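Peer 1: Mind having a look at this structure? Questions to follow.
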Amino acid sequence: MIKSGERRTNIFPLAFVTLVGLFLINILGFIDTQTGSELGCGRDWPFCKGGIIPAEWDFHTAIEFIHRLIVVIDLVLLVCLTVATWKRYRTRKEIRVLMGICFAGFVGEAALGAMTVFLIIPLQY
């Protein structure tokens, strides 16, 4: 229950936008894999072809760059959501633990993506 003078924060819109971002990351990851664009930015993760924004573009570079860009944007959203959730539900341990697991899962998935870039053996088609 909200006491007088307290402001209730609604974190649902932030959670929804973050969820949509996670969905887009998965879809773009599938597209990335199916089109063979895993190395569209080269092996210099987190950069793309030697820079933050690639100087030369092609189909595979665009797919991989957009995927990485959405990951970074959603990481910022997830950090904000995690902090907001921990502040809003500081008395609800189960919610804080679940948000911690979500954040750890996101970081783990990003680490797997980075390892893929570094360790993938280019397939011969």
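Throughout, read-outs are computed from the coordinates displayed, never taken from laboratory work. Source: prediction; values computed, not measured. Counting neighbours? That spans all protein chains shown, and the Cβs are built from the backbone with ideal geometry, glycine included.
Peer 1: Can you tally the net charge around Ile63? Count Lys and Arg as +1, Asp and Glu as -1, for every other residue whose Cβ sits under 11 Å from the Cβ of Ile63.
Peer 2: Numbers: positive: Arg68; negative: Asp32, Glu38, Asp58, Glu64.
Summing Lys/Arg as +1 and Asp/Glu as -1 gives -3.
Peer 1: If you don't mind, there's one more thing I want to ask. For the chain, what's the relative contact order in percent, using C-alpha pairs closer than 8 Å and at least 6 residues apart? Spell out each step's value before the answer.
Peer 2: Numbers: 88 pairs, mean separation 33.3, N = 125.
Relative contact order comes out at 27 percent.
Peer 1: Here's another thing I want to ask about it. Which Cα, out of Ala62, Gly42, Ala15, lies furthest along the positive dipole direction of the stretch 13-119 (beta carbon charges, K/R +1, D/E -1)?
Peer 2: Ala15
Peer 1: Which value, in Å to one decimal place, does the Kirkwood hydrodynamic radius take for the chain when every pair of different Cα atoms is included? Each step should come with its number before you reach the end.
Peer 2: Details: mean 1/r = 0.0611 Å⁻¹.
It is 16.4 Å.
Peer 1: Rounded to the nearest 0.05, what FRET efficiency do Leu112 and Arg43 give with R0 = 22 Å and r taken as the Cβ-Cβ distance? Could you check? Mind dumping the intermediate values first?
Peer 2: Details: r = 16 Å, r/R0 = 0.71.
Once the sixth-power term is evaluated, E becomes 0.90.
Peer 1: May I ask for the Rg/Rh ratio of the stretch 61-125, computed from Cα atoms with Rh as the Kirkwood radius, given to two decimals? Walk me through the numbers before you get to the answer.
Peer 2: On the way: Rg = 15.8 Å, Rh = 13.7 Å.
Rounded to two decimals, Rg over Rh is 1.15.
Peer 1: In nanometres, what is the gap between the two model label sites at Val72 and Val17, each 7 Å from Cα along Cα-to-Cβ?
Peer 2: Using points 7 Å along Cα→Cβ, the separation is 1.8 nm.
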